[in-house]
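The structure appears right after this line, and notes come after that.
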């Protein structure tokens, strides 16, 4: 039985558990312009929009949309990522890497991964400018979030994104309070968890009644398995100036700093061999330097040991430092400044302007064993003739010779400086018709470097950002050792036009819009690139020959051809309609339909895979942008004590881009591999059963089908036609029951996730699982103590053992590919996917107060 045919079953199950409602305005969209355009929607439905739990609010926009508010976030674990709090809404599946959220996680929305989902805060795009990744552990502390909204499958007409094919997630920061207030929160919990938060609202200040707040938090805890800690500090601030009844200025600030030790993922075989505590190693074995003899930090001393499946997991071997927790780290410094403003220019004419600046400095750790005679250390004078070498190498370990191989810290660090602006000119033609012109500019300067640095006596790096911020490793000629060196610019110019009209006494709302992104990637490779790959050689060695095709060779690398440092650019554009209509059939009952097209340009990293063409030009990935066409048809029932929504949707996913390692070619390649069809059903229901008792439930059913085989090379195909998308559960169910009485709130919630394939050919899967959480809080106001709450949270209450994040591969088992040239069978060896373990049972206790 297909998932779609289970509709009647899903509706019946959801109808048994309907949930939270409340007095609340509908979710504001992303930019100030979108918020202004939706003011009418707020006026129309505010009078019958009830909620007590903040997990669901009434919607009227012609899109499939879900929203959580600060009320719900307040009863979730303190410091938790907002993505985990969104995990009950239909269409979204989030796997958290640890119980508290600082390790990040993986998000899927209707089958689309995070890089294909537009994430914004107050309208600012937060997806990485290079690879569009979402970093869930760097989001606003929940205490500063007013609400978070998901558009499942469709974008806003002014979505400032070159990657949104799978929907949008919009986070809105709260406004400062009008009265002075001091918020304090302290938490403790399992795995030595500790967190403190302090926030001050100024109230109205000065002659213009300016309001502001500033706050900061700090948390630190141990990994639930393996050595290492996770540490985060975050600071947020906002100033809000009301100019008159309609106009305002606002400036917000956010800074987040993470210092994390990675959890180690493993294959199914490794989990079976080592057990659930398998992780990175606590110590790092270093070889003691001895003058006159060769030492190798990467050698294997013990040839075999039945207790270990590989030398790199045996702590007696120098090779074990590959998996040393002190080198498997993820440091990040991220921040942004966000402006927002709205000005009435004339009667019926309004201008909104949202300028932004963002900063990112981050890497994922890493280590490499380098020979002291590595060609990059010897400088440009490398000769091996009878005259001898000008330089024979560099003594890296201080033993007086250059005979050794020494382990260095070799992270790939990314530093991004990003400027942008969202602006809208809104014309109210009359009370029933509104027209908006929007412009988006997004300029990201993306500096990717890989400066090496030394390790200290314990095997940890001298600086977590390598030679960028710490001591560099210099060659004989004074150059510094590095693994990559490139400079990229991602520039988006986008225009959008949006019409909104109200007809038949506001029962019919029509949206007609179009956006046109013009996206440019500028590439500046400052190292030599191995022809036909992304492998680079960052060296000052002088080439020994320049070939007729302008490639070069080096004496140290034989006949391998390298492309000299180069600059190039790629341009992408699209015209994307975005439209919908909703109609209130009769009070509390409405239907809607929407259609939107999405667009995702190729990512930076794989554009640096280049080849010298027959005309001697340098060309990179031929991939064209992915596009989607999404249709939604929905029904909403919204009464005083009940709210429900049902959406049928389909997405045609065209020119899907896949990047994978091809052992035949030996490098990663971006390819358009044809189309994927997705369709499904999303349900969200809620019911207020009586005084203090509310129930929420959701369900999603997804069917996906890859339409053709994926080309692995010019001669072989991967048999993916008819297969399902990886990491995408066929069905998910979420439920929450909440009971409130005399200051006491008890909440029980759970989520079921069906099995997920972990390979493109669907030959391995992650089993289904169910996780339940409980929250219990008590407000001491009943005892005469105002604004003070004690809260207890249980995460994974029943200790469910499950697999969380998946690092998927093409195939886990040896499969038979078909040669497109000879038609013969070409065996392809399997590469096992790796999985993270889901967080075990965790307890957190918090005390929150406000003065």
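The values are calculated or read from the model by the stated rules, or taken from the named source; none is laboratory data. Being a predicted model, the structure only gives us computed values, none of them experimental. So basically every Cβ, Gly included, is an ideal-geometry build from the backbone, and we count neighbours across all protein chains shown.
The table that follows gives values for the structure above.
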| item | result |
| --- | --- |
| The stretch 709-752, residues that are within 30 Å of residue 829 (Cβ to Cβ) and outside any loop (DSSP other than H, G, I, E, B) | 710, 711, 716, 717, 718 |
| Unique residue being in a loop (DSSP other than H, G, I, E, B), under 25 Å from residue 186 (Cα atoms) and at pLDDT below 90 when the list is 54, 101, 79 | 54 |
| Filtered residue count, the stretch 303-331, keeping only those that are assigned to a strand (DSSP E or B) and either more than 20 Å from residue 287 (Cα to Cα) or at pLDDT below 90 (or both) | 3 |
| Tabulated pairs, the stretch 697-712, first surrounded by fewer than 24 Cβ atoms within 10 Å (Cβ to Cβ), second modelled with pLDDT of 90 or more and outside any loop (DSSP other than H, G, I, E, B), C-beta under 6 angstrom, 6+ apart or interchain | 703/679; 704/678; 705/677 |
| Test: residue in the stretch 467-476 that is in a helix (DSSP H, G or I) and either at pLDDT 95 or above or out of contact with any helix residue (DSSP H, G or I) (no Cβ under 8 Å at 6 or more places or on another chain) (or both) | yes |
| Number of the condition not met by residue 385 [criteria: (1) in contact with a helix residue (DSSP H, G or I) (Cβ under 9 Å, 6 or more places away or on another chain); (2) modelled with pLDDT under 95] | (1) |
| Residue ID - nearest to residue 423 (Cα to Cα), chosen from residues in the stretch 435-456 that are modelled with pLDDT of 95 or more and outside any strand (DSSP E or B) | 452 |
| Leading residue by the ranking (surrounded by the most Cβ atoms within 10 Å (Cβ to Cβ)) among those in the stretch 543-594 that are out of contact with any strand residue (DSSP E or B) (no Cβ under 8 Å at 6 or more places or on another chain) and closer than 28 Å to residue 608 by Cα | 556 |
| One residue from 297, 279, 307 being within 24 Å of the chain's Cα centre (by Cα) and either surrounded by 14 or more Cβ atoms within 10 Å (Cβ to Cβ) or on the phi < 0 side of the Ramachandran plot (or both) | 279 |
| Lone unmet requirement of (1) part of a strand (DSSP E or B); (2) closer than 27 Å to residue 645 by Cα for residue 84 | (1) |
| Checking residue 250 against (1) part of a helix (DSSP H, G or I); (2) touching a residue at least 12 places away in the same chain (Cβ under 8 Å), the condition it does not meet | (1) |
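Okay, residues lined up against (1) surrounded by fewer than 16 Cβ atoms within 10 Å (Cβ to Cβ); (2) over 30 Å from residue 349 (Cβ atoms); (3) out of contact with any strand residue (DSSP E or B) (no Cβ under 6 Å at 6 or more places or on another chain):
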residue	(1), (2), (3)
394	no, yes, yes
397	no, yes, no
400	yes, yes, yes
405	no, yes, no
409	no, yes, no
420	no, no, no
432	yes, no, no
435	no, no, no
441	no, no, no
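This table checks each residue for (1) under 28 Å from the mean Cα position of the chain (by Cα); (2) surrounded by fewer than 17 Cβ atoms within 10 Å (Cβ to Cβ); (3) under 16 Å from residue 228 (Cα atoms).
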| position | (1), (2), (3) |
| --- | --- |
| 311 | no, no, no |
| 314 | no, no, no |
| 323 | yes, no, yes |
| 326 | yes, no, yes |
| 331 | yes, no, yes |
| 336 | yes, no, no |
| 345 | no, yes, no |
| 350 | no, no, no |
| 353 | yes, no, no |
